[in-house]
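J.: The structure that follows is given in the form of structure tokens.
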């Protein structure tokens, strides 16, 4: 078995081809593997944790493949990128199916509330799922630089979203980006070796490819 | 600023080529799908839709190769429809690199396919395409048609839209069969009626002839996304020009 540079965790929930193709595009010399083998996730240099569908199903399928320990370990120790449900699963609890998450971060996953779904300006109805290109605003602590994964990406650049739930971290210091729909919601978190986003960088044209490129070249300090 | 309205060029594909017809007839060759997809991506298209209108089942596999090829070079969402008959077809298209699969005639013949596909792959990747026509012989205004607009179903398009969303459709592609290929603009009352009735985004389709039609589709039709084919294929307008025009008219777009 050749060494895996970037493992894309496959727990049987949907199409990971887009993610792996985009990673291959930004890291031509690297061995990108879509894998459901915990040993391969454990031995990979960096890990991408995507997700589609409903969170309770994702957690169930992750456990059915014995991947939980390898994913938790990677999230704590190596360059790790969560995408969409791969962000949501890192939290304690989701309103979707009233399900427990992996609990790596304190906080909940909430649904866009129907009462809020009106455009502030025109009063038009806003649709759920939140589907399409929205502006992403980068968050950094006063006096510090934006996170390395935002390098080369304009503040307010548009990324492609499709989701009905969003994360609410208890510890606001992990928030690395937000969007408005219509209220502000967290769309990116960062802690040590981990970065996770609600939008789909693999479907976000140049801005997304830049973020993935930043990820594959990222050398975070060990926690 | 918030969510942008999307512009979606549509590529009708048959036997591996992009074509465009008027009212689903008189097909003209418009070029190589991969080249066209890349051109639209460069122009700033927000998404691409491929409709496989291949008549014979022999050549249906061709669309999978096209999607594989496009998906490895173009990094925006891809929707594929046409000829989806069972959940297995949805799986094949998603595996080839489609992000969403659009279900049309099969949704009418066997609604359970919509339900099963949404349950298995998630609502986010299930689009139901509704072809509707204005009718005089029914207690409602717009009727659902299938088989490329040839068969009436007796279904009220607005009620049908609500039902499809209840089964798990994550988005609706609404095509006015009266308008398709005519270049006289979207059927905005139809789109508005459906958009108001459901929680999910709707894509307006059928009838775009100029850039004002796109603006009207959003402002009057309540569309979350607008789909067009011929105005882009024959180089009348670029996607970028369309977006600039929409922005000038107060619509939020990704520029």
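J.: How many of the residues in region B:82-100 are more than 10 Å from chain A (Cβ to nearest Cβ) and touching a helix residue (DSSP H, G or I) at 6+ places or on another chain (Cβ under 9 Å)?
T.: 9
J.: Further question on the same structure: Give me a count of the residues in region A:109-118 that are in contact with a strand residue (DSSP E or B) (Cβ under 9 Å, 6 or more places away or on another chain) and either modelled with pLDDT of 90 or more or exposed (fewer than 13 other Cβ atoms within 10 Å of the Cβ) (or both).
T.: 4
J.: How about region A:124-152: which of its residues are away from chain B (no Cβ under 12 Å) and either over 23 Å from residue A:204 (Cβ atoms) or in contact with a strand residue (DSSP E or B) (Cβ under 8 Å, 6 or more places away or on another chain) (or both)?
T.: Matches in region A:124-152: A:138, A:139, A:140, A:141, A:142, A:143, A:144, A:146, A:147, A:149, A:150.
J.: Could you count how many residues in region B:57-81 are part of a loop (DSSP other than H, G, I, E, B) and within 14 Å of chain A (Cβ to nearest Cβ)?
T.: Count: 6.
J.: Counting only residues that are within 13 Å of another protein chain (Cβ to nearest Cβ), under 11 Å from residue B:169 (Cα atoms) and over 19 Å from the mean Cα position of the chain (by Cα), how many does region B:110-120 have? Walk me through it before giving the result.
T.: Going through region B:110-120, the residues within 13 Å of another protein chain (Cβ to nearest Cβ) turn out to be B:117-120.
Narrowing the set further to residues that are under 11 Å from residue B:169 (Cα atoms) leaves B:117-119.
The next check asks that each one be over 19 Å from the mean Cα position of the chain (by Cα); those that pass are B:119.
Total satisfying the criteria: 1.
J.: When you scan region A:160-182, how many residues do you find that are within 19 Å of residue B:170 (Cα to Cα) and within 12 Å of another protein chain (Cβ to nearest Cβ)?
T.: Keep residues of region A:160-182 that are within 19 Å of residue B:170 (Cα to Cα), which gives A:160-166, A:181.
In the following step, the residues that additionally are within 12 Å of another protein chain (Cβ to nearest Cβ) were identified as A:160-165, A:181.
Adding up the residues that qualify gives 7.
J.: For region A:5-34, which positions are away from chain B (no Cβ under 14 Å) and modelled with pLDDT under 95?
T.: A:29
J.: Under the condition of being surrounded by 24 or more Cβ atoms within 10 Å (Cβ to Cβ) and at pLDDT below 95, which residue from region B:181-227 is nearest to residue A:127 (Cα to Cα)?
T.: B:206
J.: When you go through B:245, B:237 one by one, which is the residue that is surrounded by fewer than 21 Cβ atoms within 10 Å (Cβ to Cβ) and either closer than 24 Å to residue B:31 by Cα or touching a residue at least 40 places away in the same chain (Cβ under 8 Å) (or both)?
T.: B:237
Table: residues versus (1) outside any strand (DSSP E or B); (2) under 18 Å from the mean Cα position of the chain (by Cα); (3) under 24 Å from residue B:84 (Cβ atoms).
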{"site": "B:138", "(1), (2), (3)": "yes, no, no"}
{"site": "B:144", "(1), (2), (3)": "no, yes, yes"}
{"site": "B:155", "(1), (2), (3)": "no, no, yes"}
{"site": "B:159", "(1), (2), (3)": "yes, no, yes"}
{"site": "B:165", "(1), (2), (3)": "yes, yes, yes"}
{"site": "B:185", "(1), (2), (3)": "yes, yes, no"}
{"site": "B:190", "(1), (2), (3)": "yes, yes, yes"}
{"site": "B:195", "(1), (2), (3)": "yes, yes, yes"}
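J.: What single numbered condition from (1) within 14 Å of another protein chain (Cβ to nearest Cβ); (2) buried (at least 21 other Cβ atoms within 10 Å of the Cβ); (3) more than 23 Å from residue A:132 (Cα to Cα) fails to hold for residue B:160?
T.: (1)
The values are calculated or read from the model by the stated rules, or taken from the named source; none is laboratory data. Here the structure is a predicted model, which is why all the values come from computation and not from measurement. Positions of Cβ are generated from backbone atoms using ideal geometry, with glycine treated the same way; all protein chains shown enter the neighbour counts.
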